[in-house]
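A.B. asks: Would you mind keeping the following structure in view while I ask a few things?
Bear in mind that the values in this text are calculations on the coordinates, not laboratory data. All values derive from a computational prediction rather than experimental measurement. Quick reminder, even Gly has a Cβ in these numbers, built from the backbone with ideal geometry, and neighbours come from all protein chains shown.
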Amino acid sequence: MQLPLPIELPSYQTLDNFYFEHNELLHDALLNLTAHAEQPNTQLLLIHGGSHSGKTHLATALYHKALQQKLSVCYLDMAELFAPEILYAYNAMQGDDNAESIYMELLANYDQHELLIVENIHVVADQTSLQIALFDLINRCIESGASMLLTSAIGPTNTDFELPDLRSRLTWGQVYQLESLSDLGLERVVTDYVAMKGLNMQSAAINYLLKFTTRDIAHIQTVLGKLDQLALSEQKAITIPLIKKALGI
């Protein structure tokens, strides 16, 4: 059984507005995934990195790129799919206490797409049954010719992936490690986002904001949305005094 998981991924996250810094090879590898998705040979790409390194941005961008090319694409977030409350509800519905059987069934049929994007595979670490189910899914994608993008907070050879066969399979394709954005990279990403949203905000205000927020892009975007609403209500530009007022500085 495949649970219906409605998703709404932000369309403003694209490959064009991702700051690759010195990782242009990764950009080419992502484009190759969509270029070869219709061919019967599987392409496997694993991106790993810490929080706020841009994994979800790239996964989202690739999803929209595939849709634009009219590919059959599916996006899975393992952290959501295997959230405890979902597993509990599914187990109650099925009346099956066999974890491995449940996990296998939850991941059934996803290999039928031309491109499968699976985020946060690190959630299977230290859970053997989940690792077996993920290993089985990757093998089925290889057999069917489906291409895959996987993202993880830990590298493929990390021993938290206890299943040796899974560690081996995760290195079967291309592997890229993303580093957290540098200060310059973060400034560029936020500046591009401000321009894309048409916000009235100068570089001095952007730099000031970055001194008093986390490096989490999603959080910064939320703050910018609130600043925009405040600026509109007061009919002002987003300035340093307005930021101080909004953040209580």
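A.B. asks: Which whole-Hz ³J(HN,Hα) couplings does region 156-171 yield from phi under the Karplus relation 6.51 cos²θ - 1.76 cosθ + 1.60, θ = phi - 60°, glycine and proline marked x?
C.D. replies: x, 9, 4, 6, 5, 7, 6, 7, x, 4, 5, 4, 5, 5, 5, 9
A.B. asks: Next question, about the same structure. To test your reading of the geometry: what angle, between 0 and 90 degrees and rounded to tens, separates the Cα axis of helix 84-94 from the longest principal axis of the chain?
C.D. replies: Taking the Cα atoms of the chain, the angle to 84-94 is about 40 degrees.
A.B. asks: Just to verify a number: FRET efficiency for SER182 and GLU162, C-beta to C-beta distance, R0 = 30 Å, to 0.05?
C.D. replies: Once rounded, the FRET efficiency stands at 0.30.
A.B. asks: Same structure, new question: If you take the charge dipole of the chain about its Cα centre, with +1 on Lys and Arg Cβ and -1 on Asp and Glu Cβ, which of SER147, ASN120, HIS52 is farthest toward its positive end?
C.D. replies: With unit charges placed on the Cβ atoms, the residue in question is HIS52.
A.B. asks: Something else about it: Within region 159-249, which chymotrypsin sites (Phe, Trp or Tyr not before Pro) sit in a loop by DSSP and count at most 16 neighbouring Cβ atoms inside 10 Å?
C.D. replies: Sparse-neighbourhood loop chymotrypsin sites (Phe, Trp or Tyr not before Pro): TRP172, PHE212.
A.B. asks: Figure the gain on full extension for LEU210 and ILE240 (residue separation times 0.36 nm, minus the Cα-Cα span) and round it to one decimal in nm.
C.D. replies: 9.7 nm
A.B. asks: Per 0.36 nm of contour for each residue apart, how much would the distance between ALA89 and GLU21 grow if the chain were fully extended, relative to their Cα-Cα spacing?
C.D. replies: Once the chain is fully extended between ALA89 and GLU21, it gains 20.2 nm.
A.B. asks: More than 13 angstrom separation, counting every C-alpha pair in region 183-247; what % is that?
C.D. replies: 57 percent
A.B. asks: Here is a further query. Would you work out which of GLN235, GLY248, ALA218 lies farthest towards the positive end of the dipole of region 117-249? Charges go on Cβ: Lys and Arg +1, Asp and Glu -1.
C.D. replies: Checking the options against the dipole of region 117-249, the answer is GLN235.
A.B. asks: Rounded to the nearest 500, what is the 222 nm mean residue ellipticity of the chain from helices alone, with -39500 (n - 2.57) per DSSP H run of 4+ residues and division by all residues?
C.D. replies: Helix-only estimate at 222 nm: -15000 deg cm²/dmol.
A.B. asks: Using unit Cβ charges (K, R positive; D, E negative) and no other charged atoms, how large, in debye to the nearest 20, is the dipole of region 24-178 about its Cα centre?
C.D. replies: Charge dipole of region 24-178: 520 debye, to the nearest 20.
A.B. asks: Compute the long axis of helix 217-234 from its Cα atoms, compare it with the longest principal axis of the Cα atoms of the chain, and write down the angle in degrees, 0 to 90, nearest 10.
C.D. replies: Roughly 40 degrees, rounded to the nearest 10.
A.B. asks: Which is the longest stretch in the chain that no exposed loop site breaks, taking sites as GluC sites (Glu not before Pro) with a DSSP loop state and at most 16 other Cβ atoms within 10 Å?
C.D. replies: Result, exposed sites excluded: 39-161.
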